[in-house]
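> Sharing a structure below in structure tokens format, with a few things to ask.
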Amino acid sequence: MCIPECPVEAIKAEEDITEEQKPYIALNAELAKLWPSITRTKEPLPDAEEWKDVPGKLAHLKR
């Protein structure tokens, strides 16, 4: 359900994950326990377009 709703195609099916994206699997599992589930389509964040093609986003994650 989430894959087609993501405005920047950031959500991937497991079989479509590249080697570069694999570290995000563990991160997603960790953060999914802490962050609320999204149950309806929302407007993208104001800076979504600015961030969509930025490489190395993991370095920018603030916990």
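> Quick one: in region 1-28, of everything that is small (Gly, Ala, Ser) and loosely packed, with under 10 Cβ neighbours inside 10 Å, which residue is modelled with the highest pLDDT?
This residue is 26.
> Output the residues belonging to region 29-50 that are more than 18 Å from residue 2 (Cβ to Cβ) and either at pLDDT 90 or above or among the polar types (S, T, N, Q) (or both).
46, 47, 50
> I would also like to ask the following. For residue 50, indicate whether it is free of Cβ contacts under 8 Å to residues at least 12 places away in the same chain, assigned to a helix (DSSP H, G or I) and open to solvent by less than 100 Å² (accessible area, probe 1.4 Å).
Here the answer is no, as residue 50 does not meet what is asked.
Results for (1) over 16 Å from residue 55 (Cβ atoms); (2) in a loop (DSSP other than H, G, I, E, B); (3) not basic (Lys, Arg), shown as yes or no for each residue.
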| residue | (1), (2), (3) |
| --- | --- |
| 4 | yes, no, yes |
| 10 | no, yes, yes |
| 15 | yes, no, yes |
| 28 | yes, no, yes |
| 31 | yes, no, yes |
| 35 | yes, yes, yes |
| 39 | yes, yes, yes |
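> Then there is this: Go through region 29-41 residue by residue and tally those that are under 21 Å from residue 59 (Cβ atoms), open to solvent by 100 Å² or more (accessible area, probe 1.4 Å) and under 14 Å from the mean Cα position of the chain (by Cα).
Selection size over region 29-41: 1.
The values are calculated or read from the model by the stated rules, or taken from the named source; none is laboratory data. This structure is a prediction, so every number in the text was calculated from the model and none was measured. Backbone-built Cβ (ideal geometry, glycine too); neighbour counts: all protein chains shown. When the accessible area is computed, the model is the full protein with side chains, heavy atoms only, and any ligands, DNA or RNA have been set aside. Shrake-Rupley method; radii C 1.70, N 1.55, O 1.52, S 1.80 Å.
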